[in-house]
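Trainee: Could you have a look at this structure, given as C-alpha cells, before my questions?
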Amino acid sequence: MKFCSQCGAPVELRIPEGDTLPRFVCNACHTIHYQNPKMVVGCIPEWEDKILLCRRAIEPRHGMWTVPAGYMENGETTYQGAVRETLEEANARIEIGPLYALYNIPHINQVYILFRARLLDLDVKAGAETLEVRLFAELEIPWNQIAFATVRNTLKHYYADRRIGEYKFHLGTIEPAQSAGRQATSP
Ligand SMILES: [Zn+2]
C-alpha cells in the first residue's frame with residue numbers, strides 16, 4: 001500500500017501507539033489501514049458416488065482441478081458464498097451440507113472453509129473462470145493435477161471418511177513447506 005484510500009496522501013508503515021504490529025498509517029487523516037486474512041469458501045458437490053471438480057481457467061494453477069471455491073463477499077454468509085461460487089464457476093445448483101473442513105494458511109493470509117454439498121441436477125457447465133467441469137469417481141480423481149494443497153488434503157480426508165462411513169470435520173493448517181509450489185495465492 002502506498003497511498004491512503006481515504007484521502008490520497010502517502011502512507012507510512014509503522015507500529016501505531018498501543019499496537020503490536022506494523023500497519024499502514026496515514027499521517028494526513030490518521031487512518032490506520034488494518035489488513036486481515038481473506039476467507040475462501042467453497043464446497044464438495046456430490047452426485048451419487050461422484051464429486052464435481054472444476055478445471056481452472058485462471059492463474060494461479062491454470063489448467064488444474066479444484067472444488068468450486070472463492071473469496072467470500074461482504075454481506076454474505078459462508079454458505080451463501082459457497083453456493084454463489086459453485087453457481088459462478090460450474091453453473092451448478094447445490095443444497096449446502098455440513099461444514100467439512102477449515103484450513104488455516106497463515107503464510108498467504110487465507111482461511112479456507114469447505115462444506116459438503118448435494119448437486120441438485122446435472123445441468124452444469126464451465127463458468128468464466130473455469131475451462132471444464134466434470135464429475136469424478138474416486139478412482140478418476142487427478143491427484144497430481146489438483147490445484148491446491150487444501151483441496152488435495154480435503155479430498156483425501158473425504159474419501160478416507162467415506163470408506164469408514166462417517167464424515168468428520170477436519171481442521172488443519174497448511175505450512176509453507178507442505179505447500180511449496182502447491183498452494184498459490186488465490187483460490
Ligand atoms: Zn489519509
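Trainee: Which of the cysteines found in the chain have nothing to pair with, since no other Cys Cβ lies under 4.7 Å from theirs?
Mentor: Cysteines of the chain left without a disulfide-compatible partner: C43, C54.
Trainee: Relative to the compact-globule scaling 2.2 N^0.38 Å, provide the ratio for the alpha-carbon radius of gyration of region 42-160.
Mentor: Numbers: Rg = 13.0 Å, N = 119, 2.2 N^0.38 = 13.5 Å.
Relative to the rule-of-thumb radius for its length, region 42-160 sits at 0.96.
Trainee: Might you report the magnitude of the Cβ-based charge dipole of the chain about its Cα centre, with Lys and Arg at +1 and Asp and Glu at -1, to the nearest 20 debye?
Mentor: Working: 20 positive and 22 negative charges, 76 e Å.
That gives a dipole near 360 debye.
Trainee: Probe of 1.4 angstrom, ligands and nucleic acids ignored: what's the accessible area per residue over the chain, in square angstrom? Intermediate results must be reported in sequence, preceding the final value.
Mentor: On the way: 10020 Å² over 187 residues.
With all protein chains present, the chain gives 54 Å² per residue.
Trainee: Quick one: pull the percent of accessible area on the chain belonging to carbon and sulfur, 1.4 Å probe, ligands and nucleic acids left out.
Mentor: Working: 5240 of 10020 Å².
The nonpolar share, carbon plus sulfur, comes to 52 percent.
Trainee: By a straight-distance test (C-alpha under 24 Å), which lysines pair with K2 as possible cross-link partners, with residues fewer than eight away in the same chain excluded?
Mentor: List returned: K38.
Trainee: For the chain, take the longest principal axis of its alpha carbons; what is the angle in degrees between that and the long axis of helix 78-90, to the nearest 10 within 0 to 90?
Mentor: The angle comes out near 60 degrees.
Trainee: Short version: ³J(HN,Hα) in whole Hz for each residue of region 57-71, in order, from phi by Karplus 6.51 cos²θ - 1.76 cosθ + 1.60 (θ = phi - 60°), x for Gly and Pro, what are they?
Mentor: Each residue of region 57-71 in turn: 9, 10, 7, x, 6, 3, x, 9, 9, 8, 7, x, 6, x, 5 Hz.
Trainee: Continuing with the same structure: Assign one of three labels to region 75-127, namely rounded, prolate or oblate, based on the Cα gyration tensor with a ≥ b ≥ c the square roots of its eigenvalues; rounded applies when a/c is under 1.5, prolate when it is not and a/b is larger than b/c, and oblate otherwise.
Mentor: Working: a/c = 2.25, a/b = 1.77, b/c = 1.27.
Since a/c reaches 1.5 and a/b is larger than b/c, the shape of region 75-127 is classed as prolate.
The values are calculated or read from the model by the stated rules, or taken from the named source; none is laboratory data. Just so it is clear, the model here is predicted, and its values are computed rather than measured. Cβ atoms come from the backbone with ideal geometry, glycine included; neighbour counts cover every protein chain shown. Just the protein is used for accessible areas: all its heavy atoms, side chains included, with ligands, DNA and RNA removed. Shrake-Rupley method; radii C 1.70, N 1.55, O 1.52, S 1.80 Å.
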